[in-house]
Amino acid sequence: MEVEYDDSGWQGRAKQQSSAEETHEDNPQKTIQECLEKFLTPDYIMEPGIFTQLKRYFQSGGSPEEVISMLSENYKAVAQMANLLAEWLILAGVKVTEVQAMVENHLKEMILKSFDPKKADTIFTEEGETPDWLTEMIDHYTWRSLIYRLAEEYPDCLMLNFTIKLISDAGFQSEITSISTAAQQIEVFSRVLKTSIVKFLNNPDDVHGAIQECARMVCHGQHTYVYSQVLIQVLSQEQKGGFNMKRLSQEIIKYALQNNQNVTPITMALNGSAVYPQACQALTSMLTRNTLNPADITVLFRNYSGSDPPPIDLIRNPQFLELLVDALFRSGVKINPEHKPKYIFLLAYASSVIDQPAKKRPMTERTLNKDELKSTIQAIEKAHAICNVDQGSTELIAELQTLYNCIKYPVVGVGVIRWIENVVMEPSYFKLSTDSCPTHLAVLDEVAGVHPTLQQQILFLLIRLFESKQDELEILVQLEMKKMILDRMVNLLTRGCVVPVLRYIKQCCAIEDTDISLIRYFVTEVLETITHPYSVEFVQLFLPMVENEEITGTMRGEGDNDPVSEFIVHCKAHFITV
């Protein structure tokens, strides 16, 4: 539920408080007693509301001598003692920054232990407006981080939610990493969502990480999901960059499904499928059950093979396409031969037909470009015939040329990756393979060269293989297998997938769970492959590995003529900071 915050709201509370106080003014003795109880608390003279209480006390006829006595007797000077101790520590030689951190951390611990959300809300009723100290407080990261932690623990505290809004208004929304905190208020969530989308658009080398971060936030709850997807749906209609937003929307749907969140009704409501009830019902049925069935496939086939097909976006649903690819390319899946052409037609139609609505004409007059539909159907049929047969590397060699021709179509590239993943992840695959590079992995090299957009998927598969347990193989055979996979990663690097590959190898170095000889092998292969000029990011990722004595110590010669020394000398000469 959205909560609105404005100064008038807090002033309204203050007015209610003041009216309640006025009723107490009718009973001066009661007012004096209330004030005296507060004056008896330790260090009350340091409280922000001291002047308000003194005014009430004197207006009710309180004795100045008594209040002076009470405030002075109960003055413990805790804050002043803390300042004095801090000064002593500085005089003793402790750095100012260390003393400041010591005091701040202790204060944070004390606040976290004793924070009372009800008392915090009364701050506004006493002040009547936003306190100046709160505005100053949010200028410092230490106290902003404290607010984030408290807001996560006490999501219903109005004072904290208001402070989160102040922090967001001040431009620090990128710091609000807690989704539950951001989701409390639409203004704050909108800013955080905007920051996340901008990060997705501006970080092409870390698209996967940006997508995961954005999807995690959007899928926090139904209200955040609906709001975000509607917003992204509107942005996807823009001519400039609209396809990026459509991709983001589809990735969010995929993330939601992976986390067992049923978003099908929302997806179908947003894509305008209600205008086509038959197609909508058939698609909804399969998406809800997360499985294909011939009856619904037949309904969709009949709709899309007709003279007036529904919009293509209906079947360009990531979940539906995943199910089609699985059905046609995953080993062991059996499809009724009578219905197989319908599966292939729908997958080819979704991946090759261009559906361009005419801007100034009715929807019925939209133009459909089906130039590539027939050839795509044929490519899927041929690739399916090869992938659906259980054959080893030797038998596959005879089909390579046909498969390579089919791989030119992106949808076949996706299907082939799915097929190879299913084959090579079998525990016995490498045990039975005798080739230095199994044919299936050689096919992956071809896909990586033809379709740069699929390189990230291939890298994920190679990482899974590299980290997989191959306990049935001898140690030396395991090392050779991992070297072969590193060769595939180097191939990806030469095809343009540079930063993701280097980041993964850097991660292997940091974790120190990878045999150092494998890292040395990778560095050697890369040095033999690359040449300058190098990008700053490449040098930042690769140079530390090359400079590591443990990795490249045995690769260096006496002079500077070896590849390791040449690379280091070049980087030192052309890059100031690395």
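For the reader, a short list of remarks on this structure follows.
- Oblate is the label for the chain, because the ratio a/c of its alpha-carbon gyration tensor axes (a ≥ b ≥ c) is 1.5 or higher and a/b is not greater than b/c.
- For the chain: accessible area per residue (Å², 1.4 Å): 55 Å²
- Carbon + sulfur, % of accessible area of the chain - ligands and nucleic acids excluded, 1.4 Å: 53 percent
- Of the peptides 270-277, 81-88, the ranking by mean beta-carbon count within 10 Å, highest at the top, reads 270-277, 81-88.
- Lysines with Cα under 21 Å of residue 382, excluding same-chain neighbours fewer than 8 positions away: 334, 340, 342, 370, 374, 408
- Helical mean residue ellipticity (222 nm; -39500 (n - 2.57) per DSSP H run of 4+; nearest 500) of the chain: -21000 deg cm²/dmol
- Farthest toward positive dipole pole in the chain [+1 Lys/Arg, -1 Asp/Glu at C-beta], among 138, 324, 517: 324
- Computed FRET value (nearest 0.05) for residue 114 with residue 94, which takes r as the C-beta separation and R₀ as 22 Å: 0.25
- Per-residue packing, averaged as other Cβ atoms within 10 Å, sorts the ranges 282-291, 112-121, 512-521, 211-220 into the order 211-220, 282-291, 512-521, 112-121, beginning with the highest.
- C-alpha center-to-center spacing [the stretch 256-286, the stretch 472-545] in angstrom: 43 Å
- For peptides 253-266, 156-169, 477-490, sequence by mean Cβ density within 10 Å, most packed first: 156-169, 477-490, 253-266
- Sparsely packed loop sites in the stretch 42-111 (the trypsin sites (Lys or Arg not before Pro) outside DSSP H, G, I, E and B with at most 15 other Cβ atoms within 10 Å) comprise 76, 95.
- Qualifying lysines (Cα of each under 16 Å from Cα of residue 469; at least 8 residues distant if same chain): 431, 482, 483
- Virtual spin-label span in nm between residue 198 and residue 475, 7 Å along Cα→Cβ: 5.3 nm
The values are calculated or read from the model by the stated rules, or taken from the named source; none is laboratory data. From a predicted model like this one, the values you see are computed outputs, not experimental measurements. Glycine also receives a Cβ, built like all others from the backbone with ideal geometry; neighbour counts cover every protein chain displayed. The area values use the complete protein model at the heavy-atom level, side chains included, leaving out ligands, DNA and RNA. Shrake-Rupley method; radii C 1.70, N 1.55, O 1.52, S 1.80 Å.
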